[in-house]
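This is the structure I have questions about; it appears just below.
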Amino acid sequence: MSRLVMKFGGTSVADLERIRRVGRLVAAEVEAGKKVAVVVSAMAGKTNELVAWTDGAGAAAQGLDPSDDEYDTVVASGEQVTAGLLAMTLRNMGLRARSWMGWQIPIVTDDAHGRARIEDIPPEKLGAALDGGEVAVIAGFQGVTPGGRITTLGRGGSDTTAVAIAAAVKAECCDIYTDVDGVYTTDPRIEAKARRLAKISYEEMLEMASLGAKVLHTRSVEMAMAHNVPVRVLSSFVEPGEAPGQGTIVCDEEEIVEKRIVSGVAYSRDEAKISLFGLPDHPGVSSEIFGRLADANVNVDMIVQSHARTEGAANMEFTVGKRDAARAVDIVRAAQKEIGFQDVAVDEDVAKVSVIGVGMRSHTGVAKTMFKALADKGVNIQVISTSEIKISVLIDAAYTELAVRALHAAYGLDAL
Ligand code: ASP
Ligand code: MG
């Protein structure tokens, strides 16, 4: 009998009616002969409420922040409630079930409170419960340090719990039930012709996730890739027996027979562009700028440097998250003398649009298609960056939709 992990997010367990629906989906898998571990999130909105309890003005004055161990004690509690409620529901349906908190399994993490990483999940206790025919209902998002303190895995972390459990108990698959029925070629709110992908590779999913196609927690995909756990993204808003749609399977590239060159078009409006003019053109300048930004924990994404007309001078443009933009400008401005540039400007009206596909590794002309499609629509490209399986361009934010639709068509994704 094979083991299966099913994970339900906050909207899927938002009230008792929905928890009963989850119960029916779990029961259907048990009836089909699966040994099931279920991972649940807190009810939708609950974690935000708990976080607000800890970071209110009064608490901040007491120095409570996410790196405090008591922050985790508070925010981990939402998952305890839903795990207990689902276990009760399953029992009422005549199934054998029990809840498991992170510390009871245990899900051992490091002690980086508020963003802990899973280090170990001994499979024995959980495996024995599953083999004994009991459904294990696991509180997502939470773990425990070797010293016995409760931790949480960072917002959205219950996807990571689910994949880690699937790896630990060697489940055949990790089914992530959510409020969308799979991963799409692009955002259907922008392009009505967006198609659900039957399969997508781990690497492509990682690029999609970090680019704002926020279906899965990035770390859960990294973990699935490291342990080769197939992950299926499914809609929870179906009844057992109803056609659930097949969802999207996130798996190894090798298992995708039908090869595409580009699998998806992603976009992000979270970036800001910072331009430095009249930089001295000599070794150590970039190191000075990006060293200072790194020391202040500012994440830099795209970078271009070019020579200015004037001999010995250069210009540089780079992007940072919008919320870091003002701070980044302050940091470079404070070092204007040391770095020796003439002027700095910031532009928040930009968007990053990317095309992603493992097929780029073996096909030429992918970038050309992108640039031509954008040129045909009169979209100007400000910055370009590439990786092995992704090409990103920074454009004027006003053209985001136009660019996404043009690229979706140019790579034949409309017709999939
Ligand atoms: N409840 C947690 C959060 O809202 C974890 C999760 O839902 O994945 O971030
Ligand atoms: Mg989530």
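The values are calculated or read from the model by the stated rules, or taken from the named source; none is laboratory data. Keep in mind that what you see is a predicted model, and the values were worked out from it rather than measured. Methodologically, a virtual Cβ is constructed for each residue, glycine included, from the backbone with ideal geometry; neighbour enumeration extends over all protein chains shown. These accessible areas exclude ligands, DNA and RNA; they are computed on the full protein's heavy atoms, side chains included. Shrake-Rupley method; radii C 1.70, N 1.55, O 1.52, S 1.80 Å.
What base-10 log of the normalised intensity I(q)/I(0) is obtained for the chain from the Debye formula, alpha carbons as equal point scatterers, at q = 0.12 Å⁻¹?
-1.05
Continuing with this model, one more query. Output the 0 to 90 degree angle, nearest 10, between the alpha-carbon long axis of helix 16-31 and the longest principal axis computed from the alpha carbons of the chain.
Around 70 degrees separate the two axes.
Nearest 10 degrees, 0 to 90: what angle lies between the long axis of helix 325-334 and the longest principal axis of the chain (Cα atoms)?
Compared with the principal axis, the helix lies near 50 degrees.
By accessible area of protein heavy atoms, probe 1.4 Å, what ranking do Lys214, Lys322, Lys337 get, highest first? Intermediate values should be presented prior to the final figure.
Values: Lys214 160, Lys322 70, Lys337 190 Å².
Ranking Lys214, Lys322, Lys337 by accessible area, largest first, yields Lys337, Lys214, Lys322.
Something else now. Rounded to the nearest 5, what is the percent of antiparallel bridges among the DSSP beta bridges in the chain?
Percentage antiparallel, nearest 5: 60.
List the lysines whose Cα sits under 23 Å from the Cα of Lys214, skipping any in the same chain fewer than 8 residues away.
Answer for Lys214, where 23 Å is the Cα cut-off: Lys7, Lys46, Lys193, Lys199, Lys273, Lys322, Lys352, Lys390, listed by chain and number.
In addition: Once the stretch 69-171 is represented by equal point scatterers at the alpha-carbon sites, with solvent omitted, what log10 I(q)/I(0) does the Debye formula produce at q = 0.12, 0.18 Å⁻¹?
Relative scattering, expressed as log10 I(q)/I(0), comes to -0.36, -0.80.
While we're on this one: Could you state the number of Å between the C-alpha centres of the stretch 247-319 and the stretch 162-217?
Comparing the Cα centres of the stretch 162-217 and the stretch 247-319, I get a distance of 24 Å.
For a quick check: with amide H placed at 1.01 Å from N, whose amide H comes under 5 Å from Val135's, ignoring anything fewer than 5 positions away on the same chain?
Here the answer is Arg96, Ala97, Arg98, since their amide H atoms fall under 5 Å of that of Val135.
If you don't mind, another one. Which of the GluC sites (Glu not before Pro) found in the stretch 275-344 are loop residues per DSSP with 16 or fewer other Cβ atoms within 10 Å of their Cβ?
Glu311
Below 12 Å, Cα to Cα, which aspartates and glutamates can Lys35 reach? Residues fewer than 8 away in the same chain don't count.
List returned: Asp131, Glu134, Glu172.
How large is the dipole of the chain about the Cα centre if only Lys and Arg carry +1 and Asp and Glu carry -1, each at its Cβ, rounded to the nearest 20 debye? List each step's numbers first, then the result.
On the way: 44 positive and 57 negative charges, 204 e Å.
So the magnitude is around 980 debye.
Give the peptides 294-304, 193-203 in descending order of average Cβ contacts within 10 Å, highest first.
Numbers: 294-304: 14.0, 193-203: 20.1.
In decreasing order of mean packing, 294-304, 193-203 become 193-203, 294-304.
Output needed for the stretch 154-310: three equivalent-ellipsoid semi-axes, defined as square roots of 5 times the C-alpha gyration tensor eigenvalues, in descending order, whole Å. Don't skip to the answer; put the middle values down first.
Numbers: eigenvalues 287, 72, 42 Å².
Equivalent ellipsoid of the stretch 154-310: 38, 19, 15 Å, largest first.
How much length, in nm to one decimal, is gained on full extension between His282 and Leu50, taken as 0.36 nm per residue of separation minus their Cα-Cα distance?
Working: separation 232, 0.36 × 232 = 83.52 nm, distance 5.06 nm.
Length difference between fully extended and current span is 78.5 nm.
Using Cα atoms only, what is the angle between the long axis of helix 77-92 and the major principal axis of the chain, expressed in degrees (0 to 90) to the nearest 10?
In the chain, helix 77-92 runs at an angle near 40 degrees to the longest axis.
Can you classify the stretch 228-354 as rounded, prolate or oblate using the Cα gyration tensor, where a ≥ b ≥ c are the square roots of its eigenvalues, rounded means a/c under 1.5, and otherwise it's prolate if a/b beats b/c and oblate if not?
Values: a/c = 3.28, a/b = 2.60, b/c = 1.26.
Prolate, because a/c is 1.5 or more and a/b exceeds b/c.
Now for a different question. I'd like the Kirkwood hydrodynamic radius of the stretch 1-138, using the inverse of the mean 1/r over distinct C-alpha pairs, in Å. Intermediate results must be reported in sequence, preceding the final value.
Numbers: mean 1/r = 0.0625 Å⁻¹.
Hydrodynamic radius (Kirkwood, Cα pairs) of the stretch 1-138 is 16.0 Å.
If you don't mind, another one. By accessible area of protein heavy atoms, probe 1.4 Å, what ranking do Arg3, Arg292 get, highest first?
Values: Arg3 50, Arg292 80 Å².
So, going from the largest accessible area down, we get Arg292, Arg3.
Run lengths n ≥ 4 of DSSP H only: what is the helix-derived mean residue ellipticity at 222 nm for the chain, with -39500 (n - 2.57) per run over all residues, to the nearest 500?
It comes out at -10000 deg cm²/dmol, rounded to the nearest 500.
Another question, if that's okay. Using bins 10 angstrom wide from zero, how does P(r) for the stretch 324-416 break down, in % of all Cα pairs?
14, 38, 25, 17, 6, 0
Quick one: pull the percent of accessible area on the stretch 1-153 belonging to carbon and sulfur, 1.4 Å probe, ligands and nucleic acids left out. The partial results should precede the final answer.
Working: 3450 of 6650 Å².
Accessible surface attributable to carbon and sulfur in the stretch 1-153 totals 52 percent.
Could you give me the ³J(HN,Hα) list for the stretch 255-262, computed from phi with Karplus coefficients 6.51, -1.76, 1.60 and θ = phi - 60°, whole Hz, x at Gly and Pro?
Rounded to whole hertz, the list is 8, 9, 7, 7, 7, 10, 7, 10.
Give me the number: length gained by fully extending Ile381 to Val257, i.e. 0.36 nm times residue separation minus the C-alpha to C-alpha distance, one decimal in nm. Intermediate results must be reported in sequence, preceding the final value.
Details: separation 124, 0.36 × 124 = 44.64 nm, distance 3.38 nm.
The span from Ile381 to Val257 would gain 41.3 nm if fully extended.
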